[in-house]
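The values are calculated or read from the model by the stated rules, or taken from the named source; none is laboratory data. The shown structure was predicted, so the numbers you read here are calculated from the model rather than taken from an experiment. Don't worry about glycine lacking a Cβ; one is built from the backbone with ideal geometry, like all the others, and counts go over all protein chains shown. Just the protein is used for accessible areas: all its heavy atoms, side chains included, with ligands, DNA and RNA removed. Shrake-Rupley method; radii C 1.70, N 1.55, O 1.52, S 1.80 Å.
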Amino acid sequence: MKKHFFLLALLLPFLAIGQDSNFGNWMIYFGNKKIDNKWNWHHEVQYRNYNAVGDLEQLLLRTGLGYNLTENNNNLLLGYGYILSENYLGASDEKNSVNEHRIYQQFITRQQISRVAVQHRYRFEQRFVEDDFKLRFRYFLGLNVPLNNAEIVDKTIYLSAYNEIFLNTQNNVFDRNRLFSGLGYKLNKALKFEIGYMNQFLAGGKNRDQLNLITFYNF
């Protein structure tokens, strides 16, 4: 059995500190292949633009092998990621390319609390950024609440929210925090949409606010 998830995220920043941009675009592909009742293969591609298209911010390729400790839940995963970042130099139009190789371990657990679907993700990253080596912890808490059905089934409108914090192990411990809230609609088993607002609070007191339009495609 093979499940693929395609995520197309259009990010529309209405307030940005740093590089000016009125329209950002993230195109993300998530794939998951169930090898058997315990093992799964995860893979994803993320292509992020500062503008609508053609102004690369980041290319991220990630894969990993996961193992369920219980049936369809409590997943341990060991993975690898390659990240190419195109960072603007100050207020100029010049960019600096940064290559990163990343090894990561994560644990995902899901639970149902009344009508609320809860997901916890704990991730530890070993980051090889050019000639530098960094360690980072990430904690993600996501909530989905159906509005017109008891569960998130076909033709369900739901509330979506998550918070993810990034912590370094040295120098500036706080890296960033992402807070998202939005409204989603699950059309059927293959298609799901979300629209919402995300605030990204960065180290140094900078903020980035944006509107996210997200499409999930399962085929």
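Points to keep in mind about this one:
- Taking only the C-alpha atoms of the stretch 39-143, Rg followed by Dmax gives 16.8, 52 Å.
- Mean silhouette area of the chain, derived from the convex hull of its C-alpha atoms and averaged over all directions, reads 12.5 nm².
- Over the stretch 110-198, accessible surface divided per residue gives 58 Å², non-protein components excluded, 1.4 Å probe.
- Taking every C-alpha pair closer than 8 Å and separated by at least 6 residues, the mean separation divided by the residue count of the chain gives a relative contact order of 16 percent.
- The C-alpha atoms of the stretch 153-219 occupy a region whose extents along the principal axes are 47, 21, 16 Å, arranged from largest to smallest.
- Among the protein heavy atoms of the chain, carbon and sulfur supply 60% of the accessible surface, probe 1.4 Å, non-protein parts ignored.
- Violating pairs (Cα-Cα greater than 31 angstrom) within the set LYS34/LYS95; LYS33/LYS186; LYS95/LYS192; LYS186/LYS206; LYS95/LYS189; LYS134/LYS189: LYS34/LYS95; LYS95/LYS192; LYS186/LYS206; LYS95/LYS189; LYS134/LYS189
- PHE137 contributes about 100 Å² of solvent-accessible surface, heavy atoms of the protein only, 1.4 Å probe.
- Ordering 151-161, 110-120 by mean Cβ neighbour count within 10 Å, with the highest value first, yields 151-161, 110-120.
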